[in-house]
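What follows is calculated from the coordinates using simple rules that are stated; it is not laboratory data. Everything quoted here is computed from the prediction, not taken from an experiment. Ideal geometry is used to build each Cβ from the backbone, glycine not excepted, and the neighbour counts take in all protein chains shown.
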């Protein structure tokens, strides 16, 4: 073979090896991303479950606390009469609104 042909063959071989190396690295990176995405999904599911438990606990605590603050809830006593507690100035409604803003069903 001539020097030019040998040089071209060597370059082609180098390029083929570089392509093979890049493909292998690409496969490795794809697997790494897949593994990380799976871990993220698992952690997100755990966090959502924990969050749901905390929201339920908060709702229970708020209901318990409100029953102590206003035992007649959802009705409040105004002037000796029980009225539906829908007035925005009612303490129960204020605390329920704060709980809702935190994402707690109250």
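Details
- Stretching residue 15 away from residue 42 to a fully extended chain increases their span by 5.7 nm, per 0.36 nm per residue minus the current alpha-carbon distance.
- Stretch gain in nm, segment residue 67-residue 8, where the contour uses 0.36 nm per residue and the Cα spacing is subtracted: 12.6 nm
- Here the range 7-57 was treated as a single set of alpha-carbon atoms; its pair distances binned every 5 Å from 0 give 5, 18, 10, 12, 9, 8, 9, 6, 7, 5, 4, 3, 2, 1, 1 percent.
- Using a Förster distance of 41 Å, the FRET efficiency for residue 56-residue 23 (Cβ separation, nearest 0.05): 0.25
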